[in-house]
Amino acid sequence: MDLTLDEVKARNAEVITEALSVYPDKTAKKRAKHLNVYEGDKPDCGVKSNIKSVPGVMTIRGCAYAGSKGVVWGPIKDMIHISHGPVGCGQYSWAARRNYYIGVTGVDSFVTMQFTSDFQEKDIVFGGDKKLDKILDEIQRLFPLNHGITIQSECPIGLIGDDIEAVAKKKSKEYDGKTIVPVRCEGFRGVSQSLGHHIANDAVRDWVFEKGGEKAPLFESTPYDVAIIGDYNIGGDAWSSRILLEEMGLRVIAQWSGDGSLAELENTPKAKLNILHCYRSMNYISRYMEEKFGIPWVEYNFFGPSKVAESLRAIASHFDDRIKEGAERVIAKYQPLMDAVIAKYKPRLEGKKVMLYVGGLRPRHVIGAYEDLGMEVIGTGYEFGHNDDYQRTTHYVKDGTLIYDDVTGYEFEKFVDRLQPDLVGSGIKEKYVFQKMGVPFRQMHSWDYSGPYHGYDGFAIFARDMDMAINNPVWGLTKAPWNVGP
């Protein structure tokens with residue numbers, strides 16, 4: 001039986017109250033600020049965000065090191081990224097995301113390799129600068145085709161005060177000016193991985209743009225040069241997006257940072273427009289380039305045909321009629337294919353309800369793709385979103401949607417138990433919990449070993465994967481806890 005909007009709002013408010021009731025009063029008061037039922041006429045989602053997690057409530061966030069090494073810098077393929085500190089952080093971040101790239105691993109590409117300084121107790125006592133110096137020399141001998149090195153600092157580096165900047169400057173001179181970037185992304189900084197994104201952006205600004213700005217670009221610029229910013233090429237996403245941009249007449253001179261290179265970072269200031277996918281992780285450097293180089297930037301969303309068409313037109317609006325006509329030509333070319341995908345999968349998915357909890361931009365960007373298939377997102381939230389993320393979310397969610405920021409493991413299970421969605425889209429930590437509860441699940445950080453999901457090609461894969469998850473016959477062989485009798 002379908003509920004009215006008022007009944008949905010009342011139920012969702014009740015669910016929040018129930019979840020908070022198990023906490024001590026002080027904790028409940030803090031967590032209440034992060035949970036809300038969206039009112040459709042409000043300019044924001046009504047939740048607090050980017051605040052330190054309450055100890056003991058089992059947050060799903062990551063740290064600043066994860067935001068820098070795992071997200072922004074790690075996918076730059078022709079640079080070596082050192083996890084500077086104990087081996088654990090580096091091992092945990094090794095090949096954690098499916099950042100596809102073209103190259104020969106260990107020769108001119110290093111994304112899936114792991115380099116660590118393997119700090120020991122003596123390094124904590126006596127400092128690790130000399131060890132870092134030796135490691136850089138060893139890397140130069142073993143991998144002479146690397147185009148640069150980043151030093152991704154873990155917690156102990158900041159705590160003991162190692163001077164990684166001095167080591168980077170010294171070794172850069174020894175290696176004839178090679179780009180060596182010290183990144184102060186110690187995990188204890190900030191409240192989540194979000195500050196790691198910001199720190200990484202600042203490192204690009206200070207150690208690539210400011211110090212490498214005198215390098216001449218390796219190409220002649222055109223009026224149609226653009227850079228893809230904030231696409232990490234998970235499962236090939238950036239490639240499927242790039243196809244559309246080039247088909248409409250634009251030239252992609254750089255993509256950050258999936259399948260990206262140091263030369264592309266250096267050449268980005270020559271772009272005429274920065275096209276920003278992941279606002280949370282890359283808005284900082286986009287704003288800097290607008291201020292410093294006068295390059296405008298535009299956000300885009302390539303999840304689902306409706307948003308792809310909308311974004312192509314928004315991008316084209318920054319150029320002349322040639323590009324605007326190109327955008328319409330691309331939309332017209334792929335629309336019949338999208339109509340066929342929707343005709344195949346919408347009858348199987350229409351009316352299905354989804355709850356999301358992811359990082360970056362996915363809690364809002366993927367909503368349009370679900371709606372293209374006739375599905376409804378009834379709850380969504382961010383691991384490390386800021387207030388401006390939730391403001392942007394209001395353009396996607398419907399009145400009465402359950403909103404949860406930095407949701408705890410308990411809260412999320414409680415919400416799913418009560419709302420009983422047909423599908424949950426979240427991360428690897430949540431995947432097996434909900435599958436054991438009998439709830440279909442898709443891993444929406446790295447597409448559950450599938451993808452791409454961006455662009456027109458990606459939507460066909462997205463629709464197939466959602467259908468496989470929800471309509472898999474295995475769910476007829478298991479029961480969710482709320483369906484099990486006494």
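Numbers at a glance
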{"quantity": "Some residue of the stretch 122-137 being open to solvent by 90 Å² or more (accessible area, probe 1.4 Å), of a type outside the set (Phe, Trp, Tyr), farther than 27 Å from residue 262 by Cβ and out of contact with any helix residue (DSSP H, G or I) (no Cβ under 9 Å at 6 or more places or on another chain)", "calculated": "yes"}
{"quantity": "Output for the stretch 360-375, where each listed residue is buried (at least 16 other Cβ atoms within 10 Å of the Cβ) and more than 28 Å from residue 246 (Cα to Cα)", "calculated": "375"}
{"quantity": "Residues of the stretch 249-281 satisfying the condition of being hydroxyl-bearing (Ser, Thr, Tyr) and in contact with a helix residue (DSSP H, G or I) (Cβ under 8 Å, 6 or more places away or on another chain)", "calculated": "257, 268, 279, 281"}
{"quantity": "Failed item, numbered, when residue 404 is tested on (1) closer than 25 Å to residue 50 by Cα; (2) touching a residue at least 60 places away in the same chain (Cβ under 8 Å); (3) out of contact with any Asp or Glu (no Cβ under 8 Å at 6 or more places or on another chain)", "calculated": "(3)"}
{"quantity": "Conditions (1) assigned to a helix (DSSP H, G or I); (2) touching a strand residue (DSSP E or B) at 6+ places or on another chain (Cβ under 7 Å); (3) within 27 Å of residue 397 (Cβ to Cβ): number failed by residue 341", "calculated": "(2)"}
{"quantity": "Residues of the stretch 374-398 classified as in a loop (DSSP other than H, G, I, E, B) and either free of Cβ contacts under 8 Å to residues at least 24 places away in the same chain or in contact with a strand residue (DSSP E or B) (Cβ under 9 Å, 6 or more places away or on another chain) (or both), total", "calculated": "6"}
{"quantity": "Count - residues of the stretch 158-198 that are polar (S, T, N, Q) and open to solvent by 10 Å² or more (accessible area, probe 1.4 Å)", "calculated": "3"}
{"quantity": "Residue check for residue 390: open to solvent by less than 40 Å² (accessible area, probe 1.4 Å) and hydroxyl-bearing (Ser, Thr, Tyr)", "calculated": "yes"}
{"quantity": "Unique residue being surrounded by fewer than 18 Cβ atoms within 10 Å (Cβ to Cβ), closer than 29 Å to residue 373 by Cα and under 19 Å from the mean Cα position of the chain (by Cα) when the list is 308, 298", "calculated": "298"}
{"quantity": "The lone exception for residue 11 - which of (1) surrounded by 13 or more Cβ atoms within 10 Å (Cβ to Cβ); (2) modelled with pLDDT under 95; (3) within 19 Å of residue 353 (Cα to Cα) it fails", "calculated": "(2)"}
{"quantity": "Verdict on residue 208 being within 23 Å of residue 102 (Cα to Cα), in a helix (DSSP H, G or I) and at pLDDT 95 or above", "calculated": "yes"}
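The values are calculated or read from the model by the stated rules, or taken from the named source; none is laboratory data. In this text, all values refer to a predicted model and were calculated from it rather than measured experimentally. Neighbour counts run over all protein chains shown; Cβ positions are idealised from the backbone, glycine included. Heavy atoms of the whole protein, side chains included, go into the accessibility calculation; ligands, DNA and RNA do not. Shrake-Rupley method; radii C 1.70, N 1.55, O 1.52, S 1.80 Å.
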